Amino acid sequence: MKMSKVGNQTNSQDPQAVNSRVFVGNLNTFQCSKTDVERMFQRYGRLAGISMHKGYAFVQFTNPFDARSACLGEDGRTVLSQILGKCNKIFSF
């Protein structure tokens, strides 16, 4: 599978973007790279951005349906001997 060039912008406050964003918690970021996260989530749809932080990441999809599918598919998955604790879609209120 060819890896695309995914940016790191995941902080847009646009309602469409907010509803297309996934929070990935309990992520072993010492061993898991941005490329690894891209490989995990690209199966759910087009990725607009990934931002990595210590112990968690945000994954920005281009539409909310793909973000929801990713949450349902990845929540509780074991990655590098750690269970993804919270893989949640970010909701705007």
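Derivation of every value follows stated rules applied to the coordinates shown; laboratory data play no part. Everything quoted here is computed from the prediction, not taken from an experiment. For neighbour counting, all protein chains shown are included, and Cβ atoms are generated from backbone atoms with ideal geometry for every residue, glycine included.
Only a single criterion out of (1) surrounded by 13 or more Cβ atoms within 10 Å (Cβ to Cβ); (2) farther than 23 Å from Lys5 by Cβ; (3) free of Cβ contacts under 8 Å to residues at least 60 places away in the same chain; (4) not basic (Lys, Arg) is not satisfied by Thr78, namely (1). Close Cβ contacts (under 7 Å, 6 or more residues apart or on different chains) running from residues in segment 56-68 that are on the phi < 0 side of the Ramachandran plot to residues that are among the polar types (S, T, N, Q) and assigned to a strand (DSSP E or B) comprise Ala57/Ser51; Phe58/Ser51. Of the residues making up segment 38-50, not a single one is part of a helix (DSSP H, G or I), farther than 19 Å from Asp75 by Cβ and out of contact with any Leu (no Cβ under 6 Å at 6 or more places or on another chain).
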